[in-house]
Structures are given as structure tokens and as C-alpha cells.
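A.B. asks: Have a look at this one before I ask anything.
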Amino acid sequence: MLTLLRRAPRLLCLAALITSLPACAVSRTATTPATCTQGFTYEGAPVSAEVVAAFEPYVSDRAPPIVTEINLSAAQGSNQFAAASRVGADGRVSVDLPKAHYEYQVIGCAHDTFVLATKRAPTGGSAVLKSVLFVRLDTRDAYGASGQERARQTFISVTRRVPMGDRDTAEVTMHGDNVEIGRSRYRDTRVSMHVAGGTP
């Protein structure tokens, strides 16, 4: 399916909307933020902010993402990921978790990769921790709950995480295939990253 989506992304994304397919891959080249936001959905709704939050490691660990893939199909309607996400007028998707408020915003997408600017504000403190995530959606055959039969399921994976700073004021933008994190008190120069096909 993903091979077909890469060959004719616009037509098949439209077909996905009409036939209510669970997820839609993005174009091989960069597209508009609005198109990327519309593509970063599952069963007609934005991807759960609680699911995205699971990719963020503890700040105290100073580690890359420990959780790197989640089964969106299994998470849908589960007790483990039951917190309801809210969508703001600016497109930010947020959720209130037991120990933090978490939100993300789709900055852009290219080569089957979505770029998200995220923010976590732990409850009981003043920190607002920001990061940039590169994530992908993939629909493929996988074993179901019984472990006996296979069915089409959609997965979300993180391929790259760039930590920013507490209350970082830098703007995160995407120009073509390039993601930029602007200057702030944490960096004197802009950070530029290229989103390429394959592994970013």
C-alpha cells in the first residue's frame, strides 16, 4: 500500500478520505503545513497527543527515545491510551496527562516524515520542555491480539528527536525539505536539519 501511495500520493490520499482508510502517507516531497496536518490523522482524527507523548524520554535520562514505535490501531479505544486529545484553533493537539500537559503541532512533512514541534509542561512545576520529533505512519500486516491471525494495522514511529530547552523561544520552521530551529538563549546560531528519503 505504501508503495502505491508513494507513486500517486494525492489521488490515494483523496481515496483514503473517501473510503475512510485509517491513515494516509505523505508525499515524497515537501507539502504545505495544512496538507501535512490533514495527513497526520488516524480514523479521521488527529493522532493522539498521548501516543506522541510516549516517545519523549525522561529529561533526567538524557537519552534518545526509548519507545520508538506504537501500534495506533491497537491504541485506538484502548484503556492504556484513553486520554482525550483536544485540537486548538491553531492546530495544536493537546492532552492533560496525570503528570503533565502535553501538546504537539505539525510543522510540515516530506518524504513520508512528519515534523512535530512538541511541548511538555509537568504539573507541579514551572518547566515547559520543548522538542522536535520526526515521525512516520506505516500501515502493514501484523499479528492481532490473539497472536494467531494477521490484519492490516497502522503504526507510528519516531526516527529522530531534537531536544530544545526549557521555555525555549526559538521558532521551528520548515522550508522545503529543511527544518530550522531558530536562535534563542540556548543557541547563538540556527540549527538546520534535512529531511531526506529513507532514514532522516
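A.B. asks: In what sequence, highest mean first, do 125-135, 71-81 appear when ranked by Cβ atoms within 10 angstrom? Don't jump to the answer; show the numbers that get you there.
C.D. replies: Details: 125-135: 18.3, 71-81: 14.7.
Ranking, from highest mean packing down: 125-135, 71-81.
A.B. asks: While we're looking at this one, here's another question. Report the local net charge at Gly108: Lys and Arg +1, Asp and Glu -1, summed over other residues whose C-beta lies under 11 Å from its C-beta. Before the final figure, lay out each step's value.
C.D. replies: Values: positive: none; negative: Asp177, Glu180.
Net charge around Gly108: -2.
A.B. asks: Can you give the net charge of the other residues whose Cβ lies under 12 Å from the Cβ of Val191, counting K and R as +1 and D and E as -1?
C.D. replies: With Lys, Arg at +1 and Asp, Glu at -1, the neighbours total -1.
A.B. asks: Continuing with the same structure: May I ask you to order 82-92, 108-118 by the average number of other C-beta atoms within 10 Å around their residues, highest value first?
C.D. replies: 108-118, 82-92
A.B. asks: Of all the accessible heavy-atom surface of the stretch 49-103, with the other protein chains kept in place and a 1.4 Å probe, what percent is carbon and sulfur? Before the final figure, lay out each step's value.
C.D. replies: Numbers: 1710 of 3270 Å².
Carbon and sulfur atoms account for 52 percent of the accessible area of the stretch 49-103.
A.B. asks: For the stretch 43-86, with every protein chain kept in place, what is the accessible area per residue (1.4 Å probe, Å²)? Display every interim value, and only then the final one.
C.D. replies: On the way: 2630 Å² over 44 residues.
Roughly 60 Å² per residue, with all protein chains present.
A.B. asks: Less than 14 Å Cβ to Cβ from Gly125, Lys/Arg counted +1 and Asp/Glu -1: what total charge do the surrounding residues give?
C.D. replies: Residues near Gly125 contribute +3 overall.
A.B. asks: Accessible area per residue for the stretch 99-178 in Å², computed with a 1.4 Å probe and the full protein assembly in place, what is it?
C.D. replies: Working: 3630 Å² over 80 residues.
That works out to 45 Å² per residue.
A.B. asks: Could I have the simple spin-label model distance between Glu149 and Gln76, label points 7 Å from Cα toward Cβ, reported in nm to one decimal?
C.D. replies: 1.7
A.B. asks: If you don't mind, another one. Starting with the highest mean, order 49-57, 36-44, 185-193 by the number of other Cβ atoms within 10 Å, averaged over the residues of each peptide.
C.D. replies: Values: 49-57: 20.9, 36-44: 18.1, 185-193: 12.3.
Highest to lowest by the protection proxy: 49-57, 36-44, 185-193.
The values are calculated or read from the model by the stated rules, or taken from the named source; none is laboratory data. Since the model is a prediction, treat every value here as computed from it, not as a measurement. Neighbour counts are summed over all protein chains in view; Cβ atoms, including those assigned to glycine, are modelled from backbone coordinates with ideal geometry. With ligands, DNA and RNA removed, areas are computed over all heavy atoms of the protein, side chains included. Shrake-Rupley method; radii C 1.70, N 1.55, O 1.52, S 1.80 Å.
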